[in-house]
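Engineer: One structure follows; several queries about it will come next.
The values are calculated or read from the model by the stated rules, or taken from the named source; none is laboratory data. These numbers come from a predicted model, not from an experiment. In this analysis, Cβ positions are derived from the backbone assuming ideal geometry, glycine residues included, and neighbour counts consider all displayed protein chains.
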Amino acid sequence: MRIWILMMLSATLAFGQTKPADTVQRCRSMLNDAAHDRNPDGRKGAAEALSLVGVKDNALQSLVPMLDDHDVSVRIAVVITLGDFKDNRTLPLLKKALQDPVPEVDFAAAKVLYQLHDPDGVQFLLAVVSGESKASSSYLSKEKRSALRMLHTPTKLFTTIAIGAAGFAPVPGLGFGLSSAQGILSAPDSSARAATLLLLGSSRDPALADAVGSALSDKEWSVRAAAVHLVAMHPFPEFQEKLIPLLGDNKDAVRVRAAAAYIRLQHEKEMLPAKRGDRTH
């Protein structure tokens with residue numbers, strides 16, 4: 001045990017001497033590797049984590065090919081992340097997803113387009129509501145309408161509140177993180193403690209920082225992932241260096257979120273001088 005602790009301390013010290021630019025590049029490489037993982041869970045995790053980064057770090061370049069992923073869960077995660085960006089550049093991609101052969105992907109894209117006030121999203125959802133009427137026959141095939149009516153997406157109130165609280169983006173142009181939060185909460189082995197931590201995501205209580213700092217080393221992966229999510233979204237820039245050891249976490253969901261969170265915090269740090277300059281003029 002002592003040897004393991006010494007190894008972790010040595011690794012942490014070594015990481016601490018690394019330049020932020022080098023760490024950012026390492027994080028980008030990790031996210032890119034995850035996006036091309038042979039395991040669909042790895043690709044899904046990358047799509048969810050990219051919702052913490054935003055379009056400014058070329059996240060779209062990674063997400064575009066994933067819209068054609070052969071795994072349905074990956075394509076749905078991509079659609080949700082595209083919706084997080086609230087950026088007009090995602091509209092053509094979402095409309096492509098609206099033509100997906102799998103109803104679950106279509107429906108996810110329609111909901112996002114509706115939230116973005118795009119008429120295609122409204123028309124799609126109206127077609128679902130209309131069922132077999134003539135008004136919907138030209139928009140959805142009979143087979144697709146039947147499949148959509150079979151969809152069941154029960155969402156507990158607590159989970160809905162937690163996702164809403166976690167998806168708080170104080171910096172324009174960065175992702176809202178909803179895909180990341182949903183990915184944590186929807187995992188079958190996700191902890192209620194993780195949901196509780198996400199629920200507190202928008203709180204300004206000073207005690208939250210201590211809770212997040214402790215949760216970064218929690219024994220449960222979902223709690224660690226939720227803590228990383230809050231470090232990015234709250235944000236807690238004082239914990240940026242504590243993300244570096246988590247780049248080697250034994251859980252993919254934690255590693256990719258740590259990489260995305262580090263990139264996000266670095267962007268915010270670089271934006272601060274520009275903001276100060278704007279205030280002086």
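Engineer: Going through the range 81-104 one residue at a time, which ones are surrounded by fewer than 22 Cβ atoms within 10 Å (Cβ to Cβ) and under 19 Å from the mean Cα position of the chain (by Cα)?
Structural biologist: Lys86, Asp87, Asn88, Arg89, Leu91, Leu93, Glu104
Engineer: Okay, moving on. If you check every pair at least six apart or on different chains, which have Cβ atoms under 6 Å apart with a residue in the range 23-51 that is over 16 Å from Leu67 (Cα atoms) first and a residue that is of a type in the set (Phe, Trp, Tyr) and crowded, with 24+ Cβ neighbours inside 10 Å second?
Structural biologist: Cys27/Tyr262
Engineer: Evaluate the following for Asp33: is it part of a loop (DSSP other than H, G, I, E, B), surrounded by 13 or more Cβ atoms within 10 Å (Cβ to Cβ), at pLDDT 95 or above and over 15 Å from the mean Cα position of the chain (by Cα)?
Structural biologist: no
Engineer: Output the residues belonging to the range 19-36 that are within 15 Å of Val78 (Cα to Cα) and in contact with a Lys or Arg (Cβ under 8 Å, 6 or more places away or on another chain).
Structural biologist: So in the range 19-36, the residues within 15 Å of Val78 (Cα to Cα) come out as 31-32, 34-36.
Ala34, Ala35, His36 - these are the residues of the range 19-36 that are within 15 Å of Val78 (Cα to Cα) and in contact with a Lys or Arg (Cβ under 8 Å, 6 or more places away or on another chain).
Engineer: May I ask you to verify whether Ile80 is touching a residue at least 60 places away in the same chain (Cβ under 8 Å), touching a helix residue (DSSP H, G or I) at 6+ places or on another chain (Cβ under 7 Å) and among the β-branched types (Val, Ile, Thr)?
Structural biologist: So Ile80 passes the test.
Engineer: Among the numbered conditions (1) at pLDDT 90 or above; (2) in contact with a helix residue (DSSP H, G or I) (Cβ under 8 Å, 6 or more places away or on another chain); (3) not hydroxyl-bearing (Ser, Thr, Tyr), tell me where Asp22 comes up short.
Structural biologist: Status for Asp22: all satisfied but (2).
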